[in-house]
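Readers should treat all values here as calculations from the given coordinates under stated rules, not as data from a laboratory. What you are looking at is a predicted structure, and each value in this text was computed from that prediction instead of being measured. Here the Cβ positions follow ideal geometry from the backbone for every residue, glycine too, while neighbour counts run over all protein chains shown.
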Amino acid sequence: MVRGSISVVVCLTVLLAHVALGVTLDTGNGLQVTFSDATGGITAVSAAGTGVPLIPGQWGGLAVKPGRQITPANLLHLDFANDGGPWTSAQNASWNTGAYVTWQASGGIGDSGHLLLGNGSTTGAGMALATPLAMAGGARLKISWQARVGDTATLQILCVRVYDADGTDITASTPAPTGWFYSSTSQAHTIASIQCTSADTWQPFEHYYLSPPSAAFVRVSVRYWNGGDAWVHLDDLSIDATGGIVWDAFAPVSGPVEPTPTGFTQSVDVPGAALHVDAATTASAGKIDIHVTLQDTTMPPEDRPVLVYWILPVSVEGWQWWDDLDTSRIINTGTVYSNTHTIANHAVGWYPYAAVSDAQSGLALAIPMSEPLAQRFECDTSLGLRSLWEIGLSPVTTKLGAGRADFSCSLYAIDAAWGFRSATARYHALYPQFFLKRTTAEGCWEWPVHPSQVPNPLDFGWVYHEAYPIDDPAERALCQQLGIGIYHYVEPWLFWDSWGVVPEKPSYEERVARLEAWAAAPSAGFVNWQSSGGVNDTGHLLLGDGTSVGAGMATQQMPIPGGSLIRLSWQAKVANTATLQILGVRVYDSSGIDITATTPPPAGFGYSGTSKCHHIAEIANSSPDLWQPFTYDYTVTPAAVSIRVSVRHWTGGDHWVHIDDLKVQNVGSGVFYLDWDFAVDGGSWVAALNADWENPENLWKREQRQISAQAVINSSPLDADGRYFIDLSSYICQMSDAGGYSQGWPVNSDPDLPLPNTYQLQLDKWVRYRLDEADGLYIDSVTTTSGLGNWENRRPDHLAVSDSPLTFCWADGGAAQLAPQAHEEFLQPVGDELHAQGKLMMLNLFPRALRFHAHQADVQGSEVTELVESAASSRVRRALAGKRVVTNLLQYNWDLPYASSAEVEEYIRGQLFWGFFPGISSIGGPMNGGTPDRYFLHPELYERDRPLFQHYIPVIRVLGEAGWEPIQYTNCTPPAETERFGDFTRWFVYLTVRGTGGAAYTGQVSLDLAGSGLLNPVMPVSVRDVRTGRKPPATRM
């Protein structure tokens, strides 16, 4: 804790000098860059008053590298007709060893020669190409072969190694393509668990490998992996280049400059590239901005992949490249430094800025978070520091302009002593609109338990309550009374479609056909009269719609004396005995008020909150396609004067139930209150769905199913072959242990798509739905993975209305839109609408997506599955949240023993260090039908841990109110991790300190008084432990 108040006013002056040899831009804080009059290239750089050496002869400024599609060609075909071909034995990482491949003269395809892989026992054993095969870098390779096994448990593994033009193996340093992984065992990019479906039958296999642009050679290995009898027969191995991109030469955007009051402009036709570039370079207080407009000039216009660079050609050998707040690497010759992850084969940066520094100087490049492009930063000793964009130009981009892309970056100086932390602090200052704090409360995320279910919930720090609209006005009032905000759930990128219990996953064609059928015609509803097929081939009712659970029929109210014992009977027929029924009864008093929920159910019945009735579920037919009678007795409460009865499909099977001869009879008197044989249509029955017994519509996402289905069709991203991305991830193709299948349809919720679209549907039915009862929205699943955030959209009518420049597909160079770009087109207008109403947007925002969407999150955080997440993930969360609230939600130990109190404390302390609020949903316990056990439904758990929250939450709240600051101005002996909260104009500044690996710390923490601004030698400085009140000794050095 530092006491004192210092106000510092800094005046920055932007200087523009036009001298004979160029234009010099000065940011007013120590950074000067000189550009050539003739070319616009960088000729000099000065930072912190010191000239920074440039790489001799290296271009600085804008450059482009256009690409074109590789012509398809066969690179290799081996039919193994003869022995002695270009293959060798391979096992794990050794690709020229052992005797794991044997040529067989017969038994192959057409009884020709083939290879036998393995030795009957050794895993990872088979064949490899003897020498690397020449190929064009960036080629999309199809690797195909045929295999035969004697045991279908025998699994194969496909391995690929790639080499640069010098023959150096670059596999380990190159990210594996989508669908592949790097195997340290095989030292290769790998696809494992390749399995024949039939024994002793030749079966074809093919897999696609997108080679890196720097590759010039490839080696392929096919091997027995594990399982079965350890033998694999191989024939007809082919490697084909089916596409990919070949890149033209690197071309500087060189042309004369036109001075402006704050910088200069260029208008350049790049020679031989069929590209026109307009660029504006300007200086402002603290940074140099570069805005680029790229225009395709090919005739006729076509999709074009272009790599665009803005290069700062500083000589950085021996400098530090910063990966994040606390991680740096020394820059050595021969290595390209970057910090990226992969989305659909695109390497994109974790951060919207990058930094390098030496002892004297520090420099940073940045892009605005409002430009969600396929972009990354790189640095090496050959080119220097650069921003690299993967731009796809296309004639279809009518909203952007045909064949056009606009984007920008900025250059600024940083304090070399604080590296990436200084880059972060200055990014916050230069782009304050991305870090505006709108929240007024500091606290934890809670879901799914309501505040009324936990005594004194504020002890646990609850402030942000994720929920569906809360029906109970008393619950809403309690939230308001406690200051707990309600955030309504929305998942804009995925439409879930339940298939019920099915014997196997439906085919792609079946899933698409059902969607198209839904869109083609209105739903027939949940109950339909059938003129024949009933008992004695008479009329009957068909319940359900083939998909919905809890769908069927209900009666109107029928008078019945209170206290009566009544008999409910009907006959039912199903095609699938896994199809279950549910019987429901509601009771009403003399005023017609439904008193079911307040009346204990009679013996044999339970109360269903889903159906809001007394019910018996899991009613099953014992045989398919046969009418079967069912009878149940129900004692009517004395307070009731009338009842309603509902028979519905419940769950499972094929979601259809036929019923006939529905009767309600008084057991004592024999009087029938209801006796329906459904001989004719038009009876006084109504459709019922779960709790809605008033002729509900067949809805999907709160909209008529036909409209929703058409919206999904209009809004679905498609691949180059026009196929939906419904198999992109196992997460969106969920088969439960009970056999229930659910399909998630990824969608592009762009408001500019043709109506009906999923943006307008979500806006009307979810965003605005009962929004007056909420404090804002909770947006789920903001990610770049899992089939929601890692698709690459090739659909022309979607590309036409994109708000951000497109990228390209590495497989063929065609223009494409990445999922995070589409997600921004939902988040931006929805956020604007919420903020205009004084409401907030809370995102379940996973670390990989932060660089695209962090600026949209008033409340940030995500579900976490580890007690202490990786430091890299926590650093990117903190850096891109700034002072905004971060609260994570623990989902831990599913279907495992409950976490101990010590483990819960470990989680809380890990969150406290970063100033994050520790929400908890699950800490273990059984899975209940696929649903995790919830921590706050167990008083024995949360009461055990209540003292921990009472102790730590006030401390975290103090940190949050003070606000995180990127630069700590601390030095620790021995080394320790520290974070600072509160600036030095405050009376109190807070530090969190921990030892290596999160351990408690004992040592000396020094504060840089000059750097922090505490220059007054008589200003008192004291230190206090906020948790304990203890005052460690503090001295001024």
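When a/c reaches 1.5 or more, the comparison of a/b and b/c decides; with that in mind, is the range 73-247 rounded, prolate or oblate per its Cα gyration tensor?
Values: a/c = 1.70, a/b = 1.51, b/c = 1.12.
The shape class here is prolate.
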Legend entry - Euclidean distance between Cα centres, the range 279-349 to the range 500-537, Å: 52 Å
Legend entry - Read-out Cα extents along the principal axes in Å, derived from the coordinates shown; its label in [x] 110, 89, 57; [y] 114, 77, 70; [z] 97, 84, 69: [x]
Inset, instruction - Mind pulling the angle between the C-alpha long axis of helix 473-482 and the longest principal axis of the chain? Nearest 10 degrees, somewhere in 0 to 90. - result: 30 degrees
Inset, instruction - Mind jotting down the distance between the C-alpha centroids of the range 106-134 and the range 168-194, whole Å? - result: 20 Å
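How do 396, 671, 864, 885 rank when sorted from fewest to most other Cβ atoms within 10 Å of their own Cβ?
Arranged by neighbour count, lowest to highest, 396, 671, 864, 885 become 671, 396, 864, 885.
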Legend entry - the range 227-352, dipole about Cα centre (Lys/Arg Cβ +1, Asp/Glu Cβ -1), debye to the nearest 20: 580 debye
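Arrange 35, 407 by Cβ neighbour counts within 10 Å, fewest through most, would you? Spell out each step's value before the answer.
Details: 35 24, 407 21.
Ranked by crowding around the Cβ, least crowded first: 407, 35.
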Legend entry - lysines with Cα under 30 Å of residue 1031, excluding same-chain neighbours fewer than 8 positions away: 883
Legend entry - Other-chain or far-sequence residues with amide H under 5 Å of residue 494's (modelled H): 747
Legend entry - the range 73-247, dipole about Cα centre (Lys/Arg Cβ +1, Asp/Glu Cβ -1), debye to the nearest 20: 360 debye
Legend entry - C-alpha long axis of helix 419-430 to longest principal axis of the chain, angle in °: 70 degrees
Inset, instruction - Would you mind checking which residues have amide H under 5 Å from residue 44's amide H? H placed 1.01 Å from N; only 5 or more apart, or other chain. - result: 34
Legend entry - Under the Karplus curve 6.51 cos²θ - 1.76 cosθ + 1.60, θ = phi - 60°, whole-Hz ³J(HN,Hα) for the range 702-718, x wherever Gly or Pro sits: 6, 10, 3, 4, 4, 5, 4, 4, 5, 5, 5, 4, 5, 9, 6, x, 10
Legend entry - Cross-link table 573/612; 505/573; 437/839; 573/663, entries beyond 20 Å C-alpha to C-alpha: 573/612; 505/573
Legend entry - Summed residue charge, Cβ within 9 Å of residue 879's Cβ, Lys/Arg positive, Asp/Glu negative: +3
Inset, instruction - For helix 871-881, report the angle its Cα long axis makes with the longest principal axis of the Cα atoms of the chain; keep it between 0 and 90° and round to the nearest 10°. - result: 90 degrees
Legend entry - Dipole of the chain, positive direction: furthest Cα of 976, 585, 563, with charges on the beta-carbon: 976
Legend entry - Karplus-derived 3J(HN,Hα), 6.51/-1.76/1.60, for each residue of the range 654-659, Hz, glycine and proline x: 9, 6, 10, 9, 9, 10
Legend entry - Simple label model, 7 Å out from Cα along Cβ direction - residue 622 to residue 58, nm: 8.3 nm
Inset, instruction - Subtracting the Cα-Cα distance from 0.36 nm times the residue separation, let me have the gained length for residue 730 to residue 79 in nm, one decimal. - result: 230.8 nm
Inset, instruction - Between the alpha-carbon centers of the range 942-975 and the range 431-464, tell me the distance in whole angstrom. - result: 16 Å
Legend entry - Within the chain, helix-based [θ] at 222 nm, where runs of 4 or more DSSP H residues each add -39,500 (n - 2.57), nearest 500: -4000 deg cm²/dmol
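With the cut-off at 1.5 for a/c, could you classify the range 66-140 from its C-alpha gyration tensor as rounded, prolate or oblate?
Oblate is the answer for the range 66-140, as a/c is 1.5 or above yet b/c matches or exceeds a/b.
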Inset, instruction - Name the residue farthest towards the positive end of the dipole of the range 73-247 from the options 100, 75, 181, assuming +1 on Cβ of Lys and Arg, -1 on Cβ of Asp and Glu, about the Cα centre. - result: 181
Inset, instruction - Report the local net charge at residue 858: Lys and Arg +1, Asp and Glu -1, summed over other residues whose C-beta lies under 11 Å from its C-beta. - result: +3
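Antiparallel as a % of all DSSP beta bridges within the chain, to the nearest 5?
90 percent
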Legend entry - ³J(HN,Hα), Karplus 6.51/-1.76/1.60, whole Hz, each residue of the range 364-375, x for Gly, Pro: 9, 10, 8, 10, x, 5, 7, 10, x, 9, 7, 8
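Taking the Cβ of residue 572 as the center, what net charge do the other residues with Cβ under 15 Å away carry, scoring Lys and Arg +1 and Asp and Glu -1? Could the numbers behind the result be given before it?
Working: positive: 573, 648, 663; negative: 618, 625, 654, 660, 661, 677.
Neighbourhood net charge equals -3.
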Inset, instruction - Please find the FRET efficiency linking residue 1010 to residue 477, where r is the Cβ-Cβ separation and R0 is fixed at 45 Å, and quote it to the nearest 0.05. - result: 0.25
Legend entry - Which of 197, 131, 783, 122 has the fewest Cβ neighbours within 10 Å, and the rest in rising order: 197, 131, 122, 783
Legend entry - Dipole magnitude of the chain about its Cα centre (Cβ charges: Lys, Arg +1; Asp, Glu -1), debye to nearest 20: 2620 debye
